[in-house]
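K.L.:
For reference, the structure I am asking about is given below.
Every number in this text was worked out from the coordinates using simple rules, so none of it is lab data. Because the structure is a prediction, the values reported are computed rather than measured. Every residue, glycine among them, receives a Cβ derived from its backbone with ideal geometry; neighbour counts consider all protein chains shown.
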Amino acid sequence: MVVVVDATENMKLPYYKKIKHYGKYLPKAGITSLILNKGAATHFVVYESQFVAASTFTSVVKWTAATVAGLGAYDSVSGATQITQIAPSSGSSTVPAKAGELLNLVYQITGAPHRARSWAVIGELPEGLNHLNSTNSNTDGITGIPSEPGTYNIKVRAYKGSNNSGYNYTKTFTIEVAPGSSPPSITNQPQSIKISSVDKVNLKVSASGNNLQYQWFNGESGDTSIPVPSATNSSLEVGPLSSDTKYWVKITNASGSVNSNTSKLKIIDNYNSWAEKQFASNPELMARENDSDEDGLTNELEYVIGSSPKKHSIDPETNIYLENSNLIFSFKAKKTDGDGYSGLERIYSVQESNDATQDSWTTLSSYSEITGNDQDVTISRPLSSSKKYYRLKVQLREKS
Ligand SMILES: [Ca+2]
Ligand SMILES: [Ca+2]
């Protein structure tokens, strides 16, 4: 059933009215809006403009304007039998639609000597769309809110008889469902993490929205000067990295884009990452307690003090001697440098004891936590009559 309500003539018009005639009334009636809406039944209901203004279907209002503009073209349809799209794209065999937005596809058969008694849709409709399935009407439609973007070819068929019987005429329409109008929104940001210089890590981002495209960049979020080549997925494998590195990802779809937070990868090395590099060709020598160069220093100790685990290490820079009744103790506070020390600093403390037992060591307050920067450190202590022991405590720790 086609119900036509005219703004000026209102109910005086014949209740049944072909949409074909509608264009003729349009200028006179001054109706600016035409809505085809799937109501309680499968009626096309045409509202007047005031009603549209109160409607919550803003997308319908947009559609309405296109329909009115297209009515002129529709009126030029002539004698041969054909099925023509009235809305939303008058006269076209392509039907534009958008995921998440209401589509009202209306088409009409013209030129046929008889009223169409029944209609059919052949082919799979996009999810969310329904066939209005008009009866005794030369106008039929498909309505609903498509959810999946894509291109869908369907046939609509008008039958002379009821229940899809008798002479029929078929028209193919291509429904093109464009991505929805929601710009991407990030649900899970890529994390900032600490890794060692031999690690690989997967940065991941999650976002909502249709047809998302990803591009990762180096640097602070928003800085697009250094795109990461071929980094166009929701995850990005990075590493091994030799220094702190920042990444972020831009996510785009047809409706907009969003920038992720900056993911800061802080490189903090450890014994394993140092040993992996030192013993790349002999991984069986990697154990902490190993002393493959037989200099009496375990691998772990060589790592901490900064000597090579592969050659005999002598230390000409640590000295102890007497000078003018003072005990002089000197050493070089070595900087952390090279593979395996990213993000770490070397800290020295000088300790003394009277008997060298385990709990007897105390740190000399002026020589506590000296950060190694390749500087020479000299300690002068007056000789005492009693026995004194000194030791150098060396640690690696995360740079402050
Ligand atoms: Ca050694
Ligand atoms: Ca060594």
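K.L.:
Quick one: which residues, 5+ away or cross-chain, put their amide H under 5 Å from the amide H of S90? H built at 1.01 Å from N.
P.N.:
none
K.L.:
Please work out how much length the chain gains when fully extended from N282 to S325, using 0.36 nm per residue of separation minus the C-alpha to C-alpha distance, in nm with one decimal. Kindly include the intermediate steps, with their values, before the conclusion.
P.N.:
Details: separation 43, 0.36 × 43 = 15.48 nm, distance 4.95 nm.
Extra length from N282 to S325 when fully extended: 10.5 nm.
K.L.:
Round to the nearest 0.05 the FRET efficiency obtained for T298 and S257 when R0 = 41 Å and r is the Cβ-Cβ distance.
P.N.:
E(calc), rounded to 0.05, equals 0.15.
K.L.:
Which shape class, rounded, prolate or oblate, goes with region 252-339 when its Cα gyration tensor gives a ≥ b ≥ c as root eigenvalues, a/c under 1.5 marks rounded, and past that a/b bigger than b/c marks prolate?
P.N.:
oblate
K.L.:
Also: In nm, give the distance between the simple-model label positions of S242 and S93, each being 7 Å from the Cα along the Cα-to-Cβ direction.
P.N.:
Placing both labels 7 Å beyond Cα along the Cβ direction yields 6.2 nm.
K.L.:
Starting from the Cα of K246, draw a straight line to each of the aspartates and glutamates and keep only those under 17 Å, dropping any in the same chain fewer than 8 residues away.
P.N.:
D199, E220, D223, E237
K.L.:
Expressed in nm to one decimal, what extension gain is obtained for the pair S230 and E127 from 0.36 nm per residue of sequence separation less their Cα-Cα distance?
P.N.:
33.8 nm
K.L.:
Something else: Aspartates and glutamates near K98 by alpha-carbon distance under 20 Å, same-chain residues fewer than 8 away left out - which ones?
P.N.:
The qualifying aspartates and glutamates are E124, E127, E148, E176.
K.L.:
Among T318, W361, V304, whose Cα lies farthest out toward the positive end of the dipole of region 272-398, if unit charges sit on the beta carbon of Lys, Arg (+1) and Asp, Glu (-1)?
P.N.:
Towards the positive end, the residue furthest out is W361.
K.L.:
Step through the table entries K194/K393; K277/K335; K334/K388; K311/K335, compare each Cα-Cα distance with 22 Å, and write down the pairs that go over it.
P.N.:
K194/K393; K334/K388
K.L.:
Hey, another quick one. If you take the Cα atoms of region 291-400, find Rg, then find the Kirkwood Rh from the mean of 1/r over all pairs, what is Rg/Rh?
P.N.:
0.99
K.L.:
Right, here's the next one. Through the Karplus equation 6.51 cos²θ - 1.76 cosθ + 1.60, θ set to phi - 60°, convert the phi angles of region 100-107 into ³J(HN,Hα) values in whole Hz; use x for Gly and Pro.
P.N.:
Working through the residues one at a time gives x, 10, 4, 10, 10, 8, 10, 9 Hz.
K.L.:
Name the shape class, rounded, prolate or oblate, that the alpha-carbon gyration tensor gives for region 353-400, where a ≥ b ≥ c are the square roots of its eigenvalues, rounded holds for a/c under 1.5, and otherwise prolate holds if a/b is larger than b/c and oblate otherwise.
P.N.:
oblate
K.L.:
Something else about it: Take A80 and T318, extend 7 Å from each Cα along the Cα→Cβ direction, and tell me the distance between the two endpoints in nm.
P.N.:
Spacing of the two 7 Å Cα→Cβ label points: 9.9 nm.
K.L.:
Considering amide H positions built from the backbone, and no H for Pro or chain starts, which residues 5 or more places from Q375, or on another chain, come under 5 Å of its amide H?
P.N.:
When sequence neighbours closer than 5 places are left aside, the close amide H contacts are A333.
K.L.:
Same structure again: Count charges around T94 for me, please; just the other residues with Cβ under 13 Å from its Cβ, Lys/Arg as +1, Asp/Glu as -1.
P.N.:
Details: positive: K171; negative: E176.
My count for the surroundings of T94 gives 0.
K.L.:
Next question, about the same structure. Rg (Å, one decimal) plus Dmax (Å, integer) for the alpha carbons of region 156-207?
P.N.:
Rg and Dmax of region 156-207, Cα atoms, are 27.0, 77 Å.
K.L.:
OK, next. So how much slack lies between T174 and S368, counting 0.36 nm per residue of separation and subtracting their Cα-Cα distance, in nm?
P.N.:
Contour length minus Cα-Cα distance gives 62.0 nm.
K.L.:
A follow-up question, please. Given R₀ = 25 Å, FRET efficiency for Q375-D339 by Cβ-Cβ distance, to 0.05?
P.N.:
Values: r = 23 Å, r/R0 = 0.90.
It comes out at approximately 0.65.
K.L.:
Local charge sum around T151 (other residues, Cβ-Cβ under 14 Å, Lys/Arg +1, Asp/Glu -1)?
P.N.:
-3
K.L.:
Please compute the net charge surrounding V350, taking Lys and Arg as +1 and Asp and Glu as -1 over other residues with Cβ under 13 Å from its Cβ. Don't skip to the end; give the middle numbers.
P.N.:
Values: positive: R381, K388, R391, K393; negative: E352, E369.
Every neighbour counted, the sum reads +2.
K.L.:
So, in nm, how far is label R391 from label Y167 when the simple model puts each one 7 Å beyond its Cα toward the Cβ?
P.N.:
The answer from the label model is 10.9 nm.
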